[in-house]
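What follows is a short report on a single structure.
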């Protein structure tokens, strides 16, 4: 049985996402995808920053924040996102819906991709709040 969710990571201008999309076409599985959830830099602060042009997905994330009652100040943007991995499926699978997550709140961007960017320096509250939302999102996406 194949996993219901796949995770991948890359840092160079959607190269990994483009490769993943091409591979799915070769495998003939590109039409099976429904959602691409991009999580990037979730430990820069406890305030999850959600970006998507998909109104239903945005409403879902807002409902999750309200239901979980986290002591955070989430941010929402309906602007197009340059790092939307779902964009690599344009022309391949028009049904793929994308949403992006980042975080803000602590002044830690300066440590990004430096020797200080280690698990030891990750604020636990950031991890807990971000992953509580993402875990609930994964559950609720099953219903869409």
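Find the relative contact order for the chain and round it to a whole percent, using C-alpha pairs within less than 8 Å whose residues are 6+ positions apart.
Values: 193 pairs, mean separation 49.7, N = 144.
In percent, rounded to a whole number, it is 34.
In nanometres, what is the gap between the two model label sites at residue 132 and residue 77, each 7 Å from Cα along Cα-to-Cβ?
That separation, rounded to one decimal, is 2.4 nm.
Would you calculate the separation in nanometres between label points at residue 27 and residue 54, each defined as 7 Å from the Cα along the Cα-to-beta-carbon direction?
1.9
Which of 131, 101, 35 comes first, and how do the rest follow, when ranked by fewest Cβ neighbours within 10 Å? Please list the in-between numbers first.
Values: 131 13, 101 21, 35 17.
Least to most surrounded, the residues fall as 131, 35, 101.
Just check the range 34-141 against the gyration tensor rule for me: Cα atoms, a ≥ b ≥ c as the square roots of the eigenvalues, rounded for a/c under 1.5, and otherwise prolate or oblate depending on whether a/b exceeds b/c.
Numbers: a/c = 2.14, a/b = 1.38, b/c = 1.55.
Oblate, since a/c reaches 1.5 and b/c is not below a/b.
If you restrict to DSSP beta bridges whose two residues both lie in the range 34-141, what percentage is antiparallel, to the nearest 5?
On the way: 5 of 13 bridges.
Restricted to the range 34-141, the bridges split so that about 40 percent are antiparallel.
By per-residue mean of other Cβ atoms within 10 Å, what is the highest-first order of 83-93, 64-74? Walk me through the numbers on the way to the answer.
Numbers: 83-93: 17.5, 64-74: 14.7.
Ranking, from highest mean packing down: 83-93, 64-74.
Read-outs: derived from the displayed coordinates by stated rules, not from any lab. The shown structure was predicted, so the numbers you read here are calculated from the model rather than taken from an experiment. Glycine gets a Cβ as well: all are built from the backbone with ideal geometry, and neighbour counts include every protein chain shown.
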